[in-house]
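Participant: One structure, pasted below without further comment.
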Amino acid sequence: MPPDPRVGIRERVLLAAIQDIQGSIRANDGKHSAALILHGLLFAGTTNVAVQLDESTYRGAHLAIGGIALAIAAFAFAVSLACLLRAVAPHRPSRDLIVRMVSGARPPGVFFPDLGRLDRLARSQGRDELTLYRCELEGLDEQSVTLELGFEVLKVQEILEHDRRWARRGFMALGVELIFVAIFLSSVAIAIL
């Protein structure tokens with residue numbers, strides 16, 4: 001009897017989903033890093049202009065408008081920087097979310113093993129972690145593999161959504177920052193002319 005072509009298809013679909021989501025996370029991290037570099041350039045350039053201003057030419061209404069614009073830009077800079085750093089920092093879903101995702105006491109532990117649990121088991125049984133992990137791998141059946149991979153899809157998707165939420169906030173604040181830096185630089189240019 002030929003093997004059933006459906007055997008393993010769920011696992012392949014779940015693995016492809018995990019790889020796709022992880023690829024999106026990596027691609028987004030590159031964009032977030034580029035935005036952080038833009039922050040550095042913008043901050044350095046704006047600071048350089050502000051430090052070199054001559055008090056005799058930059059005063060009155062221009063100073064007030066430029067000062068307000070610069071203060072708003074600085075606040076937006078801080079918000080955007082914090083959000084983008086939060087987006088690129090490694091994120092692990094909360095324990096509550098993980099328990100809720102699996103409706104059980106602990107999540108599956110083969111795809112990403114709980115090293116603390118393996119260490120405790122190894123100490124209590126007088127065995128090493130690798131041997132215990134291999135035993136868990138050998139004990140997987142098709143249903144267990146599907147459970148492990150399904151859990152991992154949900155977990156990496158939650159990580160992707162976390163990163164997107166923080167990045168969206170960071171990019172919105174970056175947009176505000178750019179607008180108010182432009183207002184500041186315009187006020188400087190008008191005052192000098």
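Participant: Once you've got the GNM for the chain with C-alpha springs shorter than 10 Å, pick whichever of 73, 167, 16 has the biggest mean-square fluctuation.
Facilitator: Highest fluctuation among the options: 16.
Participant: Another one. Summing Lys, Arg as +1 and Asp, Glu as -1, what charge do residues with Cβ under 12 Å from the Cβ of residue 19 carry, residue 19 excluded?
Facilitator: On the way: positive: 12, 26; negative: 20, 152.
With Lys, Arg at +1 and Asp, Glu at -1, the neighbours total 0.
Participant: Taking the Cα atoms only, what angle lies between the long axis of helix 129-138 and the longest principal axis of the chain, rounded to 10 degrees?
Facilitator: Here the helix axis deviates by roughly 70 degrees.
Participant: Compute the relative contact order of the chain as a whole-number percentage, counting only Cα pairs closer than 8 Å that sit 6 or more residues apart in sequence. Show your work: numbers first, answer last.
Facilitator: Values: 148 pairs, mean separation 86.2, N = 193.
Once normalised by length, the contact order is 45 percent.
Participant: Right, another one. Helix 115-125 versus the longest principal axis of the chain: what is the Cα-based angle in degrees, 0 to 90, to the nearest 10?
Facilitator: 30 degrees
Participant: I'd like the orientation of helix 61-88 relative to the chain: the angle between its Cα long axis and the longest Cα principal axis, in ° from 0 to 90, rounded to 10.
Facilitator: Orientation of helix 61-88: about 10 degrees from the principal axis.
Participant: For the range 19-69, state the average projected area of the convex hull of the C-alpha atoms over all orientations, rounded to one decimal in nm². Don't jump to the answer; show the numbers that get you there.
Facilitator: Numbers: hull surface 17.8 nm².
Approximately 4.4 nm², given one-decimal rounding.
Participant: Using the Kirkwood radius built from alpha carbon pairs, what does the Stokes-Einstein equation give as D for the range 9-192 at 25 °C and 0.890 mPa s, in µm² per second? Mind dumping the intermediate values first?
Facilitator: Numbers: Rh = 20.2 Å.
It comes out at roughly 121 µm²/s.
Values quoted throughout were computed directly from the atomic coordinates according to the rules given, and no laboratory measurement underlies them. Since the structure is predicted, the reported quantities are computational estimates derived from the model, not experimental observations. Backbone-built Cβ (ideal geometry, glycine too); neighbour counts: all protein chains shown.
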